[in-house]
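No lab work stands behind these numbers, since they all come straight from the coordinates. Just so we're clear, the structure is a prediction, and the values are computed from it rather than from any experiment. Cβ placement follows ideal geometry from the backbone for every residue including glycine, while neighbour counts extend to all protein chains displayed.
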Amino acid sequence: MHILLGEKHNRIIAMSSNCQEGEKLLKKGVAAVFFTPKTRFITKFYITNFRLIIKNQKQQYIKLSYEHIHEIYVENERYLCIRCNTPMRFFNGKEEYVRIFMHGLKRKEGGGLTLLDDSKWPKYWKKFINIQINQYQSEIARKKHQMQEEEEDLFLIEGVVRSKEGLDQFEIVKTRERLNLWFDDFYYENCMLYATNNRLIIKIKSGDFVIVPYSVIYTFQTDKDYKITINFSFPQVVEGFDNEISKMSIKRIPKDGEDYPAKIQERWIEEWNEFFKKVTSQFQEHKGAVSRDEMLEMLIEMKHSPTKYTLSTYAKQGWDRACGLALERFGYDSADLFIYMNFVLKEYEEMKTRSMAEPDPARQEAYRGSEMAYSSILAYINHHTKAR
């Protein structure tokens with residue numbers, strides 16, 4: 001186990017692995033790497049301040065960022081086991097796995113390599129890699145906190161304004177519609193509303209526009225008379241209005257001779273609610289971990305994911321079973337996301353093993369459906385949880 005410092009070694013790893021800016025090679029070693037007991041790869045591995053890089057004799061790489069590692073432990077006092085947050089394909093394999101096993105190697109007399117039977121080897125590398133993971137996650141958390149403070153300052157500067165200019169020359173319009181509109185109790189009839197990538201633009205009349213940035217939208221809901229009301233995050237002082245404005249409402253203008261007007265009205269509300277949910281989600285505060293409410297909402301929605309409806313009948317049943325079990329278990333473990341991920345990872349691996357060993361095609365499909373559902377849940381958690 002040699003400490004590798006210096007420009008020469010960093011150039012070597014940079015050339016072979018697309019080194020990131022600021023990445024430094026800290027140590028390297030050799031190991032037998034395997035995902036199933038049948039196949040082992042003789043590899044070199046490199047530990048940097050950002051990730052673990054494993055290279056086999058076919059010049060194939062595993063580049064594992066520390067944010068994708070769930071835990072590291074020693075198994076049977078012989079192997080170092082790295083458990084990932086989500087199922088992944090390693091080297092050029094077709095199967096997905098969540099565990100990487102590493103066994104130390106040593107040179108034999110007369111040449112060649114043999115397994116190193118020393119319990120100190122996996123313990124040493126477990127401790128060393130865990131130190132790098134903790135340092136990496138601390139730095140990510142620090143940067144996130146810094147960005148949140150900058151964003152909060154920026155958002156407070158933005159507000160609703162009156163302008164003589166409407167759309168910019170190169171602004172992308174997502175949707176536009178003629179609507180009846182209210183700012184608190186100020187009513188404007190038959191206004192054109194433009195929804196762009198970062199703001200709403202309301203054309204009151206020629207050369208008179210009200211601009212509403214999405215970042216100022218706090219909540220939105222539908223009233224009994226089919227109005228969608230948008231509440232602002234703080235009262236807005238806008239030129240031309242006597243009082244501060246706290247909310248804005250929009251209502252669809254029905255067309256003459258419409259068939260099924262109630263259905264059209266409901267669909268209109270659903271589409272605008274979905275749009276507002278999408279454009280405001282980027283301004284939600286994230287503290288480095290998905291919140292309990294977000295997680296619960298995702299688990300409920302996962303049962304009706306579009307992916308499910310591309311599966312076979314038996315796979316759909318497996319998907320539903322996995323979603324139901326995941327939702328039930330979340331009720332017990334919602335206070336500790338790490339423990340909950342342990343459960344989902346274990347279920348994923350259990351379904352994968354069963355699907356490979358099951359002779360009955362129908363049951364095999366059901367297990368695969370469960371496996372896919374658990375994989376989707378893990379992918380969601382990992383996407384929203386970068387620093388734990």
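Efficiency by 1/(1 + (r/R0)^6): what FRET value for Lys143 and Glu71, r their Cβ-Cβ distance, R0 = 30 Å, to the nearest 0.05?
0.85
Okay, helix-only estimate at 222 nm for the chain: each DSSP H run of n ≥ 4 adds -39500 (n - 2.57), divide by all residues, round to 500 deg cm²/dmol; what do you get?
-13000 deg cm²/dmol
Which of Glu294, Glu96, Glu109 ends up with the largest GNM mean-square fluctuation for the chain, with Cα atoms connected below 10 Å?
Glu109
Residues in the stretch 67-98, backbone N under 16 Å from the label point at Asn130 (7 Å along the Cα-to-beta-carbon vector): list them, ranges by number please.
What the label zone holds, given the 16 Å backbone N cut-off, is 69-84.
How high is the relative contact order of the chain? Use alpha-carbon pairs under 8 Å, at least six apart in sequence, and give a whole percent.
11 percent
So for each of 191-197, 82-88, 54-60 I average, over its residues, the number of other beta carbons within 10 Å; can you give me the resulting order with the highest mean first?
Highest to lowest by the protection proxy: 82-88, 191-197, 54-60.
Glu244's amide H: which non-local residues (gap 5+, or another chain) put their own amide H closer than 5 Å, with H modeled 1.01 Å from N in plane and none for Pro or chain starts?
So Glu244 has HN proximity to no qualifying residue.
Could you list log10 I(q)/I(0) for the stretch 208-263 at q = 0.16, 0.18, 0.25, 0.27 Å⁻¹, which the Debye formula gives when each Cα is one point scatterer?
Taken in order of the listed q values, log10 I(q)/I(0) reads -0.63, -0.74, -1.06, -1.15.
Hey, what angle do you get for helix 120-157 against the long axis of the chain, alpha-carbon based, 0 to 90 degrees rounded to 10?
10 degrees
How long are the three semi-axes of the equivalent ellipsoid of the chain, in whole Å, if each is the root of 5 times an eigenvalue of the C-alpha gyration tensor, listed from largest down?
Listed largest to smallest, the semi-axes of the chain are 52, 28, 17 Å.
Taking the alpha-carbon centroid of each part, what is the distance from the stretch 41-82 to the stretch 330-388 in angstrom?
After rounding, the separation between the Cα centres reads 22 Å.
Where the Cα atoms of the stretch 180-231 are projected onto their three principal axes, how long is each span, largest first, in whole Å?
Here the Cα extents, ordered largest to smallest, are 33, 25, 15 Å.
Rounded to two decimals, what ratio of Rg to Rh does the stretch 25-84 give with C-alpha atoms and a Kirkwood Rh?
Value, to two decimals: 0.94.
Hey, rough spin-label estimate for Glu171 and Arg363, points 7 angstrom out along Cα→Cβ, what's it come to in nanometres?
If labels sit at Glu171 and Arg363, their model points lie 6.1 nm apart.
Rounded to whole Hz and in sequence order, give me ³J(HN,Hα) for the stretch 271-279 from the Karplus expression 6.51 cos²θ - 1.76 cosθ + 1.60, θ = phi - 60°, writing x for Gly and Pro.
Each residue of the stretch 271-279 in turn: 5, 5, 4, 5, 5, 5, 4, 5, 6 Hz.
How about Lys108: which aspartates and glutamates have a C-alpha closer than 19 Å to its C-alpha, ignoring those fewer than 8 places off in the same chain?
Asp117, Asp118
Could you tell me the calculated FRET efficiency between Ala379 and Asn243, based on Cβ-Cβ distance and R0 = 51 angstrom, to the nearest 0.05?
My answer for the efficiency is 0.60.
Angle, helix 7-17 long axis vs. longest principal axis of the chain, Cα atoms, 0 to 90°, nearest 10?
For helix 7-17, the angle is close to 70 degrees.
Given the Cα-Cα distance of Ser281 and Ile204 and 0.36 nm per residue of separation, how much length would full extension add, in nm?
25.0 nm
Which distance in nm do the two modelled labels at Asp336 and Arg78 give, with both placed 7 Å along the Cα-to-Cβ direction?
3.0 nm
How many percent of all Cα-Cα pairs in the stretch 174-285 sit more than 18 Å apart?
Roughly 50 percent, once rounded to a whole number.
Given R₀ = 56 Å, FRET efficiency for Glu294-Arg107 by Cβ-Cβ distance, to 0.05?
Efficiency computed from Cβ-Cβ geometry: 0.65.
List the residues whose amide H sits under 5 Å from the amide H of Tyr218, counting only those 5 or more places along or on another chain, with H placed 1.01 Å from N in the peptide plane.
For Tyr218, the qualifying residues are Asn231, Phe232, Ser233.
To the nearest 20 debye, what is the magnitude of the charge dipole of the chain about its Cα centre, counting +1 on the Cβ of each Lys and Arg and -1 on the Cβ of each Asp and Glu?
2640 debye
Give me the percent of Cα-Cα pairs in the stretch 292-387 that sit more than 24 Å apart, rounded to a whole number.
18 percent
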